[in-house]
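The values are calculated or read from the model by the stated rules, or taken from the named source; none is laboratory data. Only a predicted model underlies this, so the values are computations on that prediction, with no experimental measurement involved. For neighbour counting, all protein chains shown are included, and Cβ atoms are generated from backbone atoms with ideal geometry for every residue, glycine included. Surface accessibility is based on the protein's heavy atoms, side chains included, excluding ligands, DNA and RNA. Shrake-Rupley method; radii C 1.70, N 1.55, O 1.52, S 1.80 Å.
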Amino acid sequence: FIGEYLALDVVGGELSDTFDYDIMSDLAYDVKTKKVATKPKPHYECSVSAYQRRQKCEAYIFCRVLKDMSKGWVLGWMPKDEYFEKSRFLMEGDRDGLYTVRESCYNLPISELMTFPEDENYVPNQK
């Protein structure tokens, strides 16, 4: 739940922890968190499992947390439909560089995510 709390601090609202979404705020957000060994870089990719495409969220928020839980990042967000339009599909068993895909998913580089400005009046569903 570390990613959910990081995201909640950015968008406000309430934790919901349902299959379809994790935070109900101005949108129903599903939070995708990955444990990592290093600070994320813009070319690193975010993933949504193919089976999760049926979730009834309105947008995704992507987070990374160091494996030792000492630091975490809210990388950005994207409306669900736009995410699937822009992401690339990887089939289970595909090779992605040195990595073999273990579960079919949709990937998008961090650099293509929408960011959360620090302005308290920011409305996430407007670019």
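Looking only at residues that are more than 15 Å from T115 (Cβ to Cβ) and of a type outside the set (F, W, Y) in the range 73-85, which one is most open to solvent (accessible area, probe 1.4 Å)?
Within the range 73-85, the match that is most open to solvent (accessible area, probe 1.4 Å) is E85.
Kindly provide the set of residues from the range 65-106 that are among the basic types (K, R) and modelled with pLDDT under 90, ordered by number.
Correct list: R95 only.
Rundown of residues vs (1) of a type outside the set (A, V, I, L, M); (2) modelled with pLDDT under 95; (3) open to solvent by 60 Å² or more (accessible area, probe 1.4 Å); (4) in a loop (DSSP other than H, G, I, E, B), yes/no style:
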{"position": "G3", "(1), (2), (3), (4)": "yes, yes, no, no"}
{"position": "L8", "(1), (2), (3), (4)": "no, yes, no, no"}
{"position": "D17", "(1), (2), (3), (4)": "yes, yes, yes, yes"}
{"position": "D30", "(1), (2), (3), (4)": "yes, no, no, no"}
{"position": "P40", "(1), (2), (3), (4)": "yes, yes, no, yes"}
{"position": "H43", "(1), (2), (3), (4)": "yes, yes, yes, yes"}
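Here's a check for you: in the range 52-65, which residue that is touching a strand residue (DSSP E or B) at 6+ places or on another chain (Cβ under 8 Å) and of a type in the set (K, R) is surrounded by the fewest Cβ atoms within 10 Å (Cβ to Cβ)?
Looking at residues that are touching a strand residue (DSSP E or B) at 6+ places or on another chain (Cβ under 8 Å) and of a type in the set (K, R), I get K56.
Quick one: what pairs do we get from the range 1-15, first residue free of Cβ contacts under 8 Å to residues at least 12 places away in the same chain and closer than 13 Å to D26 by Cα, second open to solvent by less than 70 Å² (accessible area, probe 1.4 Å) and small (G, A, S), C-beta under 9 Å, 6+ apart or different chains?
The qualifying pairs are E14/S25.
Exactly one condition in (1) at pLDDT 95 or above; (2) out of contact with any strand residue (DSSP E or B) (no Cβ under 7 Å at 6 or more places or on another chain) is not met by D26; state its number.
Condition (1) is where D26 drops out.
Determine which single condition D22 fails, assuming it passes every other condition in (1) in contact with a Lys or Arg (Cβ under 6 Å, 6 or more places away or on another chain); (2) open to solvent by less than 40 Å² (accessible area, probe 1.4 Å).
(1)
Open to solvent by 40 Å² or more (accessible area, probe 1.4 Å), in a strand (DSSP E or B) and touching a helix residue (DSSP H, G or I) at 6+ places or on another chain (Cβ under 9 Å): is that true of K34 in this structure?
When the stated conditions are applied, K34 passes them.
Being hydrophobic (A, V, I, L, M, F, W, C), in a strand (DSSP E or B) and open to solvent by 50 Å² or more (accessible area, probe 1.4 Å) is the filter here, so list the residues in the range 86-102 that pass it.
F89
Any idea which of S70, S49 is free of Cβ contacts under 8 Å to residues at least 24 places away in the same chain, of a type outside the set (D, E, K, R) and surrounded by fewer than 19 Cβ atoms within 10 Å (Cβ to Cβ)?
On the way: S49 fails: free of Cβ contacts under 8 Å to residues at least 24 places away in the same chain.
Result of the check over S70, S49: S70.
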